[in-house]
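Have a look at the structure below before the remarks.
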Amino acid sequence: MNQKKRQRLNLIADGQLAIVGLDNIEIWDGADLALLREILTDLIEREEYRSIAVNLESVKYIPSGFFGMLYEWYENGINIQLHSPQPNVEQMLWFRMFFRPQHAGTFFLNDEAVRDHTPGQQVEYHKQKFTADIDTETLMEVVQLDAQPAGS
């Protein structure tokens, strides 16, 4: 990796866990995602780390491809953690669906609740989980609005 790219990257590796972050970049774009993919691929494939973490301390928006990239590695047996996510990152659908709190600001990717189910069953599980958070009064208002004829 060239030196200019490396300057934007923070890497802490203790032999078992590698933690990667990008300096004070609030909104990640495709280039940032490519940089992360490059370094994480190197850590997993060349250096053989089985546990990786991404520090999200300053990040306010992440492209959805980031979560897909992490899930691919998770499917291949890599332990995936996210550290210090901002509240708006925690509210992203992918985050809410697949990341579980571990301890003080650390979340791990885990889909054990639906691992052996069909994709349709997984969608239904997550739909029920998220709609359970909506209070009944709000849900009834939405249903009533949907039932009204157009233009009324």
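The values are calculated or read from the model by the stated rules, or taken from the named source; none is laboratory data. Only a predicted model underlies this, so the values are computations on that prediction, with no experimental measurement involved. Cβ: placed from backbone, ideal geometry, glycine included. Neighbour counts: every protein chain shown.
Points worth noting:
- Among residues of the stretch 58-73 that are more than 18 Å from residue 24 (Cβ to Cβ), those with a beta-carbon under 7 Å from a residue that is part of a helix (DSSP H, G or I) and of a type in the set (Lys, Arg) at least six positions away or on a different chain give the pairs 69/37.
- Residue within the stretch 99-107 that is at pLDDT 65 or above and either of a type in the set (Val, Ile, Thr) or more than 26 Å from residue 24 (Cβ to Cβ) (or both) present: yes
- For the stretch 41-53, the set of residues classified as aliphatic (A, V, I, L, M) and touching a helix residue (DSSP H, G or I) at 6+ places or on another chain (Cβ under 7 Å) consists of 44, 52, listed by residue number.
- Residue check, residue 31 within 23 Å of residue 90 (Cα to Cα), surrounded by 13 or more Cβ atoms within 10 Å (Cβ to Cβ) and in the same structural domain as residue 74 (by TED's automatic domain parsing): no
- Of all the residues in the stretch 1-33, those that are within 16 Å of the chain's Cα centre (by Cα) and modelled with pLDDT of 90 or more number 3.
- Lone unmet requirement of (1) of a type outside the set (Asp, Glu); (2) surrounded by 11 or more Cβ atoms within 10 Å (Cβ to Cβ); (3) modelled with pLDDT under 90 for residue 134: (2)
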